[in-house]
1. Which pairs have Cβ atoms under 7 Å, sit 6 or more apart or on different chains, and link a residue in segment A:279-293 that is more than 7 Å from chain B (Cβ to nearest Cβ) to one that is of a type in the set (Gly, Ala, Ser) and surrounded by fewer than 17 Cβ atoms within 10 Å (Cβ to Cβ)?
2. Select, from A:VAL236, A:VAL247, the only residue that is within 30 Å of B:VAL113 (Cα to Cα) and among the β-branched types (Val, Ile, Thr).
3. Which residues, taken from segment B:153-191, are of a type in the set (Gly, Ala, Ser) and either closer than 22 Å to B:LEU244 by Cβ or touching a Leu at 6+ places or on another chain (Cβ under 6 Å) (or both)?
4. Considering only residues that are surrounded by 16 or more Cβ atoms within 10 Å (Cβ to Cβ), in a loop (DSSP other than H, G, I, E, B) and either at pLDDT below 95 or among the polar types (S, T, N, Q) (or both), which ones fall in segment B:187-231?
5. In this structure, does B:VAL302 turn out to be away from chain A (no Cβ under 11 Å), aliphatic (A, V, I, L, M) and under 26 Å from B:ARG197 (Cβ atoms)?
6. Within segment A:283-315, work out how many residues are surrounded by 15 or more Cβ atoms within 10 Å (Cβ to Cβ) and under 17 Å from A:HIS148 (Cβ atoms).
7. Looking only at segment A:2-48, count every residue that is of a type in the set (Lys, Arg) and over 16 Å from A:VAL87 (Cα atoms) and tell me the total.
8. Kindly indicate which of B:GLY149, B:GLY140 is within 11 Å of B:ALA117 (Cα to Cα) and either at pLDDT 95 or above or of a type in the set (Gly, Ala, Ser) (or both).
2 protein chains.
Amino acid sequence: VVAAAVDFGGTGVKLALVTASGERLARAAFDTRAAANPAAWVEAVEGCLRRLAEEAHLPVSNWVGVGVGAPGFVDFAQGRILTLPNVPGWDEFPLAETLAGRLGRPVWVDNDVNAMALGECVAGAGRDLQQAVFLTLGTGVGGAIVLHGRVHRGAHGLAGEIGHLSIHLRGPRSPTGIGGLEQYIGNQAIVALARRRLLRPGAVSRLADAATLSVRDIAEAAAAGDALARGVFDRVGECLASALASVAYLIQPEAFIIGGGVAQAGEVLFAPLREHLARRLHPRFLRDLRLLPAALGADAGVVGCAALAFQGARA
Amino acid sequence: VVAAAVDFGGTGVKLALVTASGERLARAAFDTRAAANPAAWVEAVEGCLRRLAEEAHLPVSNWVGVGVGAPGFVDFAQGRILTLPNVPGWDEFPLAETLAGRLGRPVWVDNDVNAMALGECVAGAGRDLQQAVFLTLGTGVGGAIVLHGRVHRGAHGLAGEIGHLSIHLRGPRSPTGIGGLEQYIGNQAIVALARRRLLRPGAVSRLADAATLSVRDIAEAAAAGDALARGVFDRVGECLASALASVAYLIQPEAFIIGGGVAQAGEVLFAPLREHLARRLHPRFLRDLRLLPAALGADAGVVGCAALAFQGARA
């Protein structure tokens, strides 16, 4: 038995047929820009999915259902897209209903980060965990909470926004508050921090060309021993540790599962993160807490989308 | 049908027989210092409970069970007191087993703040809520999360410690971290803040005698229009709003239920809290969030302890 998974990203749409244990049996993908509006998107997704069904000899009518992860605000209960900040034209779109009408199978729609978190907890780093908090560190800082194998959605479906946790009472303002974590460790904030430090009088670093800096450049320099780059990741670790300590005190998960581009820095990030966490958490909380790198990479989304369908069909 | 409730506080022990809907049918109390060690405490509690049973004509053998709320670290699953920071001699004490052996009824033991939160959600301010976060503001800042009528205990039973959420990356250090909320809005921190402001050159306030100041004095002065006292509560509201915004972004409860001595300041606290929360939460999160004063006062503990027993007996 399989479910179809549609991981709707800001730049690409990934599709797959996935088993209950997270095995990916067939895949497809298309460029988000190739589908300029919801109707074109639904058309493209339907076409892709029907081709996958044929190629894999797994007829649509046998699917448990379809799970979709979308990059923005979603009303999970209604299967509606509320709004997608980076994809115009999707406000208040009844995606589950529309797609289900085309395919004749039930459809569940969730936020993409919720789907990734579920994927990691079904078949990735959190496979043996009952309570985990997932983070994806990239342009933004996304998060989701999985309790007893289910996404904790909160009273109105929007829980898990770790990127908006305030780590500084009088930090930078943004539309989501004051001193939010994302203002400190989002991709751009990391690059800006490195740039500021490079421009300090007397700064010494192999990161000479401050104009074209990326987080990957900084991570590579830090891995090679560059002190300035290491200082930047120490600061990122400190900010992230502050937020994770607060999350641990509040909900005490078994583990944090950390993915996304910035997390690919590996030990360059994890080492200072562990160090700062040890200063910020009481030993009783620190002792049992695990920090895990995400295991599924770019596949977390499709695995999680399929899990949404399996869970929905069981409920 | 009733359950017996034992609210074990740092200064007094309150006992009651309570119905499933939270009605208190009979009560007793004794001074915590009157029972110098766990054995004496168990003896005193057994005596009190048996007297209540007789007086109320509700025989022990008919009770659903006994719920105990204790002021410290508790292993709920095992019914063990791990340690009580303010009551010496209780380390690693098997309270549920001991008391159950004496009374012949099952016993559940939880942290006192968890019990209060459950009490408010069964029969108090959170009576109609599915997802609520409870705070008690006093000497310390305690918290607990109730999801779908049950305390969310986290992976190892210690979740809900809102007082340790960091609101400032480089704030004051304590054994529980850096910049913890309690360091800013615990009773002593509020008094210290008022004192610092009173000692500023040119400070004008009706709070003349900085030496004997209490939070109640400051709240009364603020209610009477004293600008310095209002400034203190504005700062308390700002700090609390920072933590509550983070909690809302993370778990999105329907409501915060706020009790404890400091919360008795009422609008003096709630008005600036609402104001700062509006600056710190995205409208989508702010819109549906309720701030509720706790409704059961000193009775939240016994009502919650009884609820523990009713829930335990059903499970």
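1. Sorted first by the residue in segment A:279-293, then by its partner, the pairs are A:LEU286/A:ALA278.
2. Selected residue: A:VAL247, the only one of A:VAL236, A:VAL247 that is within 30 Å of B:VAL113 (Cα to Cα) and among the β-branched types (Val, Ile, Thr).
3. Scanning segment B:153-191 gives B:GLY154, B:ALA159, B:GLY160, B:GLY163, B:SER166, B:GLY171, B:SER174, B:GLY177, B:GLY179, B:GLY180, B:GLY186, B:ALA189.
4. Correct list: B:SER205, B:LEU207, B:LEU213.
5. Numbers: away from chain A (no Cβ under 11 Å): yes; aliphatic (A, V, I, L, M): yes; under 26 Å from B:ARG197 (Cβ atoms): no.
It is false that B:VAL302 is away from chain A (no Cβ under 11 Å), aliphatic (A, V, I, L, M) and under 26 Å from B:ARG197 (Cβ atoms).
6. Residues in segment A:283-315 being surrounded by 15 or more Cβ atoms within 10 Å (Cβ to Cβ) and under 17 Å from A:HIS148 (Cβ atoms): 6 in total.
7. Let us first name the residues in segment A:2-48 that are of a type in the set (Lys, Arg), namely A:14, A:24, A:27, A:33.
After this cut, where a residue has to be over 16 Å from A:VAL87 (Cα atoms) as well, the list is A:24, A:27.
So the answer is 2.
8. Within the list B:GLY149, B:GLY140, the selection yields B:GLY149.
The values are calculated or read from the model by the stated rules, or taken from the named source; none is laboratory data. Computed from a prediction, not measured in an experiment: that's the story for all the values here. Cβ: placed from backbone, ideal geometry, glycine included. Neighbour counts: every protein chain shown.
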